[in-house]
Each structure stands twice: as C-alpha cells, then as structure tokens.
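Remarks on the structure that follows.
The values are calculated or read from the model by the stated rules, or taken from the named source; none is laboratory data. Because the structure is a prediction, the values reported are computed rather than measured. Quick reminder, even Gly has a Cβ in these numbers, built from the backbone with ideal geometry, and neighbours come from all protein chains shown. For the accessible areas, the whole protein counts, side chains as well, though only heavy atoms, and no ligand, DNA or RNA atoms are used. Shrake-Rupley method; radii C 1.70, N 1.55, O 1.52, S 1.80 Å.
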Amino acid sequence: MRREVRLVLALTGVVAVLAVAAAVLMLNPVDVEERGITFKAVEPVDVVHVLIRNAHGTLEITFTGEGYEVDDIPADLVDMDAFINLLTNCGSIRVRRAVSATPGDRAVYGLADPAAQVEISYADGSDLVLSIGDEERVTGDTYIGVQGDPAVYLMTAEQSAGFLLPKRAYVEHQVTPRLKLSSPLSAIRDVTFIGAPYADRAPSGETITIEAVAAGDPEVVRAALSLGAPTHIVRGRGVYKLDQTYGVQILGSLLGITARDIVGYDLSHEEITAFGFAEPTMRVIFDLKNDIDAEVETYTLALLHRDDGYFMTCNDNGVIYAVDEPAFLHVEFEKLLVRWFLSPLLMDVQRVNVMTEGQVYDFVITGEGNADREVTCNGRALDIDRFRTLYRLLTSAAHDGRLLEDVAVEGAPLLKLTYVYLDETKAPDVMELFPGEARRVYARVNGVTELAMRDMYLLRVQEALSGLWSDVPIETEW
C-alpha cells in the first residue's frame, strides 16, 4: 500500500513563499509579446494530480484529500525539497514568450516526439497538458507546447527540469544528516568501523572502536581519566585518546553524505543482498546527537565497492545509494591515537609512584583545590611547583606512532610509573619501560606492549629524580 506525503504548510512556508496572485487559465493567450505568459497560477496544494511521461518512465502524483501519494515512493523516502519544487512549478505554469503562433513543423522544436509529456489537474477542475521539447541553443530555455494551443513557447530550463527527471530523482538523496553542531566530535558518540581495509593494525584486525566520554558510560568515563579530558577514547589492546585533528576528518566524513544517484528504493532485504551487500566492503555503526536537545540516533551504514563505484545502504531503509568514495573508508587505526600514553589531570590523582635505578619515589598529593594543594615524596614535603614541573615531564611520555608486533619484554623494567586515582573504582594505571631497539625503549602500559618511544624520556626522568631535592631546573624537553 502506498504511503502519503502530507504537506504541512505552516512548516514548509509554501504559501508565504509563493504569494501568487489570482490568475485565469489561458489556453489560447492572445498576448504573445515578450512580457511572459501565465497559463496557470495557483498555490501548489491546488494541484491534485500530476502524470509525467518521459524517457525514464512515468511519475504519478495524486492528492488523496489528506495528503499526496508520490507514485510508489514511501513517504519517508520522498525528497521533500524536490517534491515541493515540482508541485510549485506545476501550480505556476509560466513561459517566457511565444516562439511561433502557428509553427509549420513542430518537429523542429522537438515537439513531434516530445522529451516529456505532463498532465496536470487542479482543484478548480481545470487541466493542462504540456509537451516538453528541445533546448533552445542560445538561451538554454526549453520549447514547450500546450494541448489545445497551436503555438510553441519557451519555458525556463529551471521550471522544465523537473519534468525530465527519472522517478528516483524524487527519492531523498541525503544519506546521513548534515552537521548541526560546531564539530563532529560534539555530535558523534560511539563509532564502530567493521571491515575497514586499513584496520589491520587494530587489535581484532578488522574492527575499530571509538567511544564518546560524553555518552556517560561509567566504564568509558573511568577509562578517560587516564588520558586527561578526551572527547573520545579509542579501544585497542590498550586504551588511547582520540587525536582530534584526525578524528574530525574521519568522524566528519560520516555526516552530510549525499548520494550521486539512487540505484533502487523500496528494495527487499533479498534484493539488497543480491546486489552485493551480503559481504559489504565495510560497515559503520555510529550514534549521533546532532543537537543539544535531540535524542541520540543510531545509524548503520554498509559500504560496497563494486565495478569501480561505491554504493551504500543506511539503516535498512530499502535504498541503495551511489556515493562518492568516503574518507572513512581509509580510517587508519594508528592515526587515531594521540601520541601520549598516560596524561591524567593532576586533580584526579592522589598518588604517583616512580621506581627506577633501584629507587622508589612515592608522591602523595593532598588538598582540595589548586590553592591548597600539597605533595610529599616518601613522607618528605616537596615544593608543589617543582612537583608540577616533574608531573609535566612524567605525563609527557609519548610513543612514536608505530604499532609493534610480537614484542616480548623480560626482566625488571627500567622504569615503572604508577598513577593512583581519587576515584577508588578506577584501577591504577601502570607504565613500564624496557630496553628496545637503538635509542628506543618499549612501553608496557597496563600490561600491553605495542608501542615504543625515545629513550631520552627515561634519561630526563632519572635526571629529574636524582636532583629532586636540589635547585637544579627540571628539564622537561626530551
């Protein structure tokens, strides 16, 4: 059963925009001067039936008394802008001028075998039948004929264009919503990329998972404490802060996807599967909160690369879209990761323990706020500003961006750094450094060893700790 499209004029503003004057049906106009000729001028809701026949097939629009049926296109898939534009043009039939009042050969204008024929019925009981001919080479306007009138007229290409389109052109081409907020990082919550060609460095080898801290999942919020104040975390064998620059590029490409064409609509699951979506190139599932007051919506995209083209489905809505190659197809796990291993905010930490060169340095932080913050090391008071400098050095531990494979570390670590949190439900974070390749050390973070870093960091930390009680400045650059 076909579904109806209801035009809510208060929302679309059609009446206010058109503001058409009263007009009289002019099937045989006398005035053929270059002032423009009006055949019909009514509001679009006064159009009760349209039948278009063109090279692509037919399109039938019917007003049922409550709304419009747009052929066999489901109501929620109708491109409302294109539909309203077509209905507006059907309600206001105007031509620029008459080319010839009595043409000898209508074939000269493409009207013997017209590109389209348009039958329009109106609420006042009148009808118009238009024949759409060739394009006029100089102006780009279109030759048209009106049934019952021997003259040939010129209509603007803008008004005649909708009569020449295939029916699928009236299916909504917007696949995913356009961004309404200031950043895609504010709008997009959790994202899962499944089967990404460049996901081979992800732990599963095929799935990349990004989670939004703002979504409020307690586990995610606790995990984010290790990384300061990230908008999103990236799940690997370890947990990482999302690189915002690359995150904007990749997550932003999920929004505002517009189809180049509609391959098919109102398709069954079997038809979509047979097209090739039984094994899509990639699937993406993401949650979207595109406005402060909006509800969270979930989108499931399936992307198929076939015959040098890209095709997409969205939320099992029965449509196959032809799309341009999306940037998210090339998401690379390594690029999603911010370089810093652990960078908790000092305000979230109650204890920092460092073990290196056989020495243990146990820092305990007390105080409610910045103004009364105090710290001791092995029970001895330490200048808070000096500790803040040391803390900047400790939290600057950063990898070189290259994931390692099959790394085995043995023996005691060269350095063990532990962060204990005020939130007792969060397990302490532990980073250990082990000998690596030339001028590198392997970093094992919470039991996961998959990244390396420059060994100069280890040297700087050891220098700072050996001179902790002196006046020697702590060098934070490494």
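Values computed for the structure shown
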quantity	calculated
Long-range tail of P(r) for the range 369-440 (Cα pairs > 19 Å, %)	54 percent
Label zone at Asp423 (point 7 Å along Cα-to-Cβ), backbone N below 20 Å, the range 437-477	445-447
Angle in degrees between helix 384-394 and the longest Cα principal axis of the chain, rounded to the nearest 10	70 degrees
Descending semi-axes in whole angstrom, ellipsoid equivalent of the range 252-299, from the Cα gyration tensor	26, 13, 12
Rg ratio (alpha-carbon, reference 2.2 N^0.38 Å) - the range 336-478	1.04
Net charge dipole size for the chain [Lys, Arg +1 and Asp, Glu -1 on Cβ; Debye, nearest 20]	1120 debye
Of all accessible heavy-atom area on the chain, the percent that carbon and sulfur account for (1.4 Å)	48 percent
Unit charges at the beta carbon, dipole of the range 205-328: most positive-side option, Leu267, Ile285, Thr313	Ile285
Length-normalised contact order for the range 242-349 - Cα pairs under 8 Å, 6+ apart - percent	33 percent
Computed over the range 109-174: relative contact order in percent, which uses C-alpha pairs under 8 Å that are six or more apart	25 percent
Rg over Rh, two decimals, the range 201-274 (C-alpha only, Kirkwood Rh)	1.14
Virtual spin-label span in nm between Asp324 and Asp124, 7 Å along Cα→Cβ	4.5 nm
Out-of-range pairs (alpha-carbon distance over 29 Å; input Lys335/Lys426; Lys167/Lys289; Lys335/Lys416)	Lys167/Lys289
Computed over the range 405-447: relative contact order in percent, which uses C-alpha pairs under 8 Å that are six or more apart	32 percent
Hull volume in cubic angstrom per residue (convex hull over the Cα atoms of the chain)	226 Å³
